[in-house]
1. Would you point out the residue of segment B:181-194, among those that are open to solvent by less than 20 Å² (accessible area, probe 1.4 Å) and out of contact with any strand residue (DSSP E or B) (no Cβ under 9 Å at 6 or more places or on another chain), that is farthest from the other protein chains (Cβ to nearest Cβ)?
2. Filter segment B:90-114 down to the residues that are hydrophobic (A, V, I, L, M, F, W, C) and more than 18 Å from the chain's Cα centre (by Cα), then identify the one that is most open to solvent (accessible area, probe 1.4 Å).
3. When you scan segment B:256-269, do you find a residue that is of a type in the set (Lys, Arg), over 14 Å from the mean Cα position of the chain (by Cα) and under 16 Å from A:Ser175 (Cα atoms), even just one?
4. Restricting segment A:159-206 to residues that are in contact with a strand residue (DSSP E or B) (Cβ under 8 Å, 6 or more places away or on another chain), open to solvent by 10 Å² or more (accessible area, probe 1.4 Å) and at the interface with another protein chain (Cβ under 8 Å from one of its Cβ atoms), which is nearest to A:Pro282 (Cα to Cα)?
5. Take the residues in segment B:274-289 that are out of contact with any helix residue (DSSP H, G or I) (no Cβ under 8 Å at 6 or more places or on another chain) and closer than 11 Å to B:Ile192 by Cα, then tell me which one is surrounded by the fewest Cβ atoms within 10 Å (Cβ to Cβ).
6. Of (1) part of a helix (DSSP H, G or I); (2) free of Cβ contacts under 8 Å to residues at least 40 places away in the same chain, A:Gly207 satisfies all except one. Which?
7. Show me the strands (runs of 3 or more DSSP E) found entirely inside segment B:180-231 where at least 2 residues are outside the structural domain of B:Tyr163 (by TED's automatic domain parsing).
8. I'm checking my understanding of the structure. Among residues of segment B:239-273 that are part of a loop (DSSP other than H, G, I, E, B), open to solvent by 10 Å² or more (accessible area, probe 1.4 Å) and over 23 Å from B:Leu47 (Cβ atoms), which one is farthest from the other protein chains (Cβ to nearest Cβ)?
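The values are calculated or read from the model by the stated rules, or taken from the named source; none is laboratory data. Note that the structure is predicted; figures quoted are calculated from it, not measured. Cβ sites come from the backbone with ideal geometry, for glycine too, and all protein chains shown count toward neighbours. Only protein heavy atoms, including side chains, enter the accessible area calculation; ligands, DNA and RNA are left aside. Shrake-Rupley method; radii C 1.70, N 1.55, O 1.52, S 1.80 Å.
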Amino acid sequence: MSWLTNYVRPKIRALVQREDVPDNLWQQCPACEQMIFHRELEAALNVCTHCGHHMRLPALKRLEVLFDDGAYDRVELPRVMADPLRFRDRKRYGDRLKESRAATGNDDALIVAFGKMGGRGTVVAAFDFRFMGGSMGMAVGRGLIAAARHAVLKNAPLIAIPASGGARMQEGILSLMQMPRTVLAVDEVREAGLPFIVVLTDPTTGGVTASFAMLGDIALAEPGAVIGFAGARVIQETIREKLPQGFQRAEYLRDHGMVDRVVHRHQIRDELIRLNDLLMNPRAGQKIVPLGEPGKRRKAGKPAVADGDEQDRNEERPAAE
Amino acid sequence: MQNFLEFEKSIAELEGKMEELRHLSDIGDIKIADEVSRLQTRIDRSLNQIYSKLSPWQKVQVARHPDRPHCNDYIAALIDDFTPLAGDRGFAEDAAVMGGLGRFRGRSCVVVGQEKGNDTESRVAHNFGMARPEGYRKAQRLMRLAERFQLPVVTFVDTAGAYPGIGAEERGQAEAIARAMQVCLDIRVPVISVIIGEGGSGGAIAIAAANTVLMMEHAVYSVISPEGCASILWRSGDHAEEAAEALKLTAQDLLKLGVVDGVIDEPLGAAHRDPLMAMKAAGDAVEKALEALDGLDPDTVRARRRERFLNIGNDKLS
């Protein structure tokens, strides 16, 4: 289970790869065009302090704010062959990979983490859009399968947070094959009776939308996020018509029945904690005295079922270390 | 009048000559018959030469050839008692996806496939083989029907991709594709897919998550069309030929990558020159694939399909 080892403490990680001081201390909101001081914007998790526009958020930052006290373990993802097709367009794919790795400090576009959210062990698989547009190739597909299996192992819900333009063209058909593979990953979580919640962020399009991202038990979306299958430009060129107002935005999808809720970034953590609790702790109000496993006794004084404790059955096992 | 592709110019000339000769032969000159057979040998040789080393971009042209047999041709040639079934029971019928019950070499089965159409009228009726969400939901319904009655599913894949339109997006094109794939992977009956022409991205894999994925010799299967890829990565559609090369979308490449399980030989000069022979070869391959799954219990059939996809790329470990 070597790939399950998960040590790297996020805090250390954050220190090592602290991002450079931004050239520009002020950033302009692309929606309302107001200037925002970079520290203020960071504190607001890249949500415009004037108009509430949600700008993209790097995956590590997202994980930090989702987990209790910002503490989580990275789930080490299996390595895959880099550049299976030896793809080359105007640039070598191999070079693009190297550049993205250098720029983001990540191996690929997916980061999988395990930690507590509201006291409940939870697996989060978050995309980093800065890594080749968050595109899904073999590494991401395998990463999602690993995330699903980790969730099953830990008896934990799986949260997926896509931010992706779709399949990674540079891996050709092998990237297309990640669509059925990620569907199978979702099915493993479903079959274990665990929640699979998707938080759709800007953008979620193409082969990512048309696979695991649309199969959540519950689908949340960030305000204004572009979510769709075909690109708006492709649709416009095909039908030669003006696209409706708000087309392929989170609110539009909710109104057309494709997502459950549009949730402000600052509320997503609470929302996820509540949903997981509702799904996994169905009789919280009642006192249930478990029979207990033979040969194993609860510690004296520990209540039979503490709030949000039920799911921690597996925590008795030492974490894979 | 036959449609010739750009790289078939030499063939077109020879065929033209042959046509002229045929008119002469009406006079009854014996030498002309000799000439015709000599020409035919030349044509065959040249077809063989051209078609044995088609470039990926040329394969794309062949896969899209208007005279190439389409889904409905395969159904007519291979499925007896075909009974088309319509509608997704939610919104509409989508004629881009053909589906129904029938009998394939004695076995009852469910057939699903994309139909591009053969002339302007039928192309419009079938939306050029580009399915809307309803098509994928119909496919889901029919695959569940197959499972209920323990019938194998045979799919014929031939689409440029799922339809990019406002309504399609509003009604959940992505969800419909994802769910179709999920059903395809879930059902406890054998699923055999044949990529007969163009396997266009998500619109194709939606009905191709099968136990056995077969591909016609000159079909293509890709995550994106070469034109689309070129316009994104090269910033110009003019580089489609290079993109086709880079994408590794030919049947021969995909066999090497372990994405397809078998390549079905096409007749000399590709399926459009002898559709019946091509379709018979496809039928033989489907029959063999079904026989290989005979006698397996439903759970094993499902488990094997899932393993197949979970294993793709596993040997590509660094």
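1. Initial filter on segment B:181-194 (open to solvent by less than 20 Å² (accessible area, probe 1.4 Å)): B:181-185, B:187, B:189, B:191-194.
Add one more test, that the residue is out of contact with any strand residue (DSSP E or B) (no Cβ under 9 Å at 6 or more places or on another chain), and what stays is B:181-183.
Working: B:Met181: 5, B:Gln182: 5, B:Val183: 10 Å.
That would be B:Val183.
2. Per the stated criteria, the residue is B:Phe91.
3. yes
4. A:Gly206
5. Restricting to residues being out of contact with any helix residue (DSSP H, G or I) (no Cβ under 8 Å at 6 or more places or on another chain) and closer than 11 Å to B:Ile192 by Cα, the top hit is B:Lys288.
6. All conditions are met except number (2).
7. none
8. Top of the filtered list is B:Asp261.
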